[in-house]
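Asks: Got a structure for you, written out below as C-alpha cells; questions coming shortly.
The values are calculated or read from the model by the stated rules, or taken from the named source; none is laboratory data. Here the structure is a predicted model, which means the values were calculated and not measured. Neighbour counts are summed over all protein chains in view; Cβ atoms, including those assigned to glycine, are modelled from backbone coordinates with ideal geometry.
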C-alpha cells in the first residue's frame, strides 16, 4: 500500500509537470476562451442579470457546475483511455498519437485556425439552426456535450507531450498490473485537470466585474499570436520524425522572432487588427510590449547557434541548425576518436562506421552510434561501457536534458572519453529492409521501422516506455547501474555516469 501511495504522488507530480509542456500550455487560452465566450454574458444580459440577483447567482452556479464537469471529463477520459483502450492497443498507441504526422498536422491546423480567428480574420460560428438545437440540448443536459468536447481536445493535444509518461503506465497495465495503472492514470489526470478546472471557473468570477471594451479585443489578439507561435511545435514534431526538413531550428526561430515582434508592435498601437476606438497604449500593454521585444532580443542570438536553454523544449534540436558561429561542421570522427589525434584514431580504426548518420546527429559535437549492435562492437574494441540514450524526435524533455545537462563540460568530458554512446530513437518512422524485420515477443506485431524496433527493445528489456531513459551497460548488455530518467540536476547525472564507470572497472 505504501508503494501505491508513492506511485500516486509520483504520477500526480508528473501531471503537474506536464502543465508546463508546450503541448498542454496552448490549451490554457483555448479553455478561457471557450468558457468565457459561452458563459460570460453580453451587456444586455448583464443589465438583466444584475437587476435580479438570483439570476446572476443561478448563472454563476451553472458555470461552476460546467467547470467541475470539465475537470471530471478530463480525468474520466484519461483513466478510460489509459487503462482500457490503450491496454488493447498497447503502449505504442501513445507513441503513435504523439509522433505520427496525422495527429500532429491536425493539431497544427486546429491551432492555426484558432489563431486566425483570434486575430480577426473570421469568426468561428455554427449555423443558427444547429446552434438552437445544441442550445436546447445544453439547457436540458447542462451543456455537457460542449464541455466533453473541450475535455477530449485537451486530452488529445496533451498526449503529444504526456504520451511517453502515459506509455510507461500502460506498460505496467499490459504486464498484468490492474490497480496500479488505474491509480497512476487517475493521479496524473487529476493534477492535469485541477488547474484547467480553475481556468474554467475563472470566467464566472469575471461576471461580477464585467465591463465591455477594447481590452477584450486586445486579449483575443494576444492569444492569437500565442496560438500561432505554439502551433509550430506540432508541425515541428512531424517534421523531425519524418525528416521533411521544413522547420529547421533557424527557420523555426525566424518565425517566432517575427511573430513576437508583430505582437510587440500591436501592443504599441502600430498595428491595428480591429476597429478599436481606444488606441492609447496603456501601461499594462506597454509592459507586455517590453516583455515581447525582450523575448525577441533573447532569441536573435539563436539564429547563429546560441543554445537558448530556456527554450530547449520548444525548439527543434541544435543538430538541425545549419550555421553555428565559431563551430566547424561536424566531422565524421569515429566514437572515441579526436580529430587530429593520430593515436586516438588508431585506437578506434576497427570500430564500425556509424549507420544512419544522414538521419540522426548527436548534440554538442558528440560522436556515437544509432544502432545498438554497432555500439556493442565498438565497446568491445575500446573496452568501454555503453551509454544508451532512449530518445525521440518529438521528446521535449530529451531536448531539455541535452541543453541543460549534457552541455555541462564535466558531463561532456565523461561522455566523450569514458563511454560509447548509443542514441536509440523510439519514434523514427524510417522503414528498415525486410530482412531486418522481426516479430515482437511483447505484442506479437512485426517491427519494421527503426523507431518501433528501438521502442520494442526498451519495453522488452527494461519494461519502460518513457523518454529520455538512460541506461549504462557493458558490451554483453549487463546493466551497470539503475537506469535514469528525466532529471535536470547536473550533479546527480554526473554521479550516475561515474557510478557506471566504477562498476564497469570493478568487473
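Asks: Does segment 443-475 hold any residues that are free of Cβ contacts under 8 Å to residues at least 24 places away in the same chain, surrounded by 19 or more Cβ atoms within 10 Å (Cβ to Cβ) and outside any strand (DSSP E or B), and which are they?
Replies: Across segment 443-475, the qualifying residues are 453, 456.
Asks: While we're here: Would you mind finding the one in 491, 477, 482, 431 that is modelled with pLDDT of 90 or more and either at positive phi or not assigned by TED's automatic domain parsing to the domain that holds residue 398 (or both)?
Replies: 477
Asks: Next question, about the same structure. Looking for whichever is touching a helix residue (DSSP H, G or I) at 6+ places or on another chain (Cβ under 8 Å) and within 28 Å of residue 241 (Cα to Cα) here; the options are 418, 456, 428, 474. Which one fits?
Replies: From the options 418, 456, 428, 474, the qualifying one is 428.
Asks: Select from segment 411-442 the residues that are over 22 Å from residue 100 (Cβ atoms) and surrounded by 14 or more Cβ atoms within 10 Å (Cβ to Cβ) and list them in ascending order.
Replies: Correct list: 411, 412, 414, 415, 416, 418, 419, 420, 421, 422.
Asks: Sticking with this structure for a sec: Quick one: would you say residue 390 is more than 17 Å from residue 373 (Cβ to Cβ) and touching a strand residue (DSSP E or B) at 6+ places or on another chain (Cβ under 8 Å)?
Replies: Here the answer is no, as residue 390 does not meet what is asked.
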